[in-house]
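*Asks:* Quick one: structure below, then a few questions.
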Amino acid sequence: MEAVADNSSPNKTLHDHPITIRPMRNEDNEAVLQIYTKGIETKNATFETQTPTWEVWDANHISHSRFVATFNGIVVGWSALTPYSRRAVYQGVHELSIYINPDYAGKGIGSKLMNTIVKSARDNGSWMLQASIFPENQASISLHKKFGFREVGYRERIAQLDGVWRDVILLEKRF
């Protein structure tokens, strides 16, 4: 009897089913929010403690430059931008978010998403991208630096997460 491979397994090589990056669609909402929830649960991805509804998430993110990474048709990561400020003078400054399903971490998905969103942001009028990252999240810091983000600050005790003061590293990329 021949063994049948489970093509949805993260242990399956990505060469057999390459990662595809495509624009995010409304029907991706459940997968996007599930991945975001996993990020919240790590306590090293965001200060948020509850997953928002899709309506809230959608309203808070810019309509352009939203992408998902799929592996064998399954959404395994996403990237999106939020405005730095609602003031018109900052219309080209955006906060960048990238979230990867932890089961697929370390497989180059973040790099593919970052490459796509940086190009899209620039093409859509961004003049600066920024990210605030917990110092413990070395994978995210390394990813951002790989794509030309530079460290511009270290914010000590900027906010509490579950009653614990946390620091963030502020990174930016200018076009």
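The values are calculated or read from the model by the stated rules, or taken from the named source; none is laboratory data. Being a predicted model, the structure only gives us computed values, none of them experimental. With ideal geometry, Cβ positions are generated from the backbone for all residues, glycine too; neighbour counts draw on all protein chains shown.
*Asks:* Restricting attention to the stretch 70-88, which residues are within 13 Å of LEU33 (Cβ to Cβ) and assigned to a loop (DSSP other than H, G, I, E, B)?
*Replies:* Answer for the stretch 70-88, where residues must be within 13 Å of LEU33 (Cβ to Cβ) and assigned to a loop (DSSP other than H, G, I, E, B): there is none.
*Asks:* Another question, then. For the stretch 64-101, what are the residues that are at pLDDT 95 or above and among the basic types (Lys, Arg)?
*Replies:* The answer is ARG66, ARG87.
*Asks:* Need pairs with beta-carbon distance below 8 Å; first residue aliphatic (A, V, I, L, M) and within the stretch 134-145, second in a helix (DSSP H, G or I); sequence gap 6+ or separate chains.
*Replies:* Note: pairs meeting the criteria are ALA139/GLY110; LEU143/GLY110; LEU143/SER111; LEU143/MET114.
*Asks:* Let me ask something else. Quick one: which residue in THR70, THR20, THR37 is of a type in the set (Val, Ile, Thr), more than 27 Å from VAL164 (Cβ to Cβ), surrounded by fewer than 16 Cβ atoms within 10 Å (Cβ to Cβ) and out of contact with any helix residue (DSSP H, G or I) (no Cβ under 8 Å at 6 or more places or on another chain)?
*Replies:* Result: THR20 is the single residue among THR70, THR20, THR37 that is of a type in the set (Val, Ile, Thr), more than 27 Å from VAL164 (Cβ to Cβ), surrounded by fewer than 16 Cβ atoms within 10 Å (Cβ to Cβ) and out of contact with any helix residue (DSSP H, G or I) (no Cβ under 8 Å at 6 or more places or on another chain).
*Asks:* If a residue must be at positive phi and in contact with a Pro (Cβ under 9 Å, 6 or more places away or on another chain), how many such residues does the stretch 142-175 contain?
*Replies:* Residues meeting the conditions: 0.
Conditions tested, residue by residue: (1) hydrophobic (A, V, I, L, M, F, W, C); (2) over 16 Å from ASN101 (Cα atoms); (3) assigned to a helix (DSSP H, G or I); (4) touching a residue at least 24 places away in the same chain (Cβ under 8 Å).
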site: TYR36; (1), (2), (3), (4): no, no, yes, yes
site: GLU48; (1), (2), (3), (4): no, yes, no, no
site: PRO52; (1), (2), (3), (4): no, yes, no, no
site: ALA59; (1), (2), (3), (4): yes, yes, yes, no
site: ILE62; (1), (2), (3), (4): yes, yes, no, yes
site: VAL68; (1), (2), (3), (4): yes, no, no, yes
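*Asks:* Residues GLU2, GLU55, GLU27: which one is at pLDDT below 95 and of a type outside the set (Ser, Thr, Tyr)?
*Replies:* GLU2
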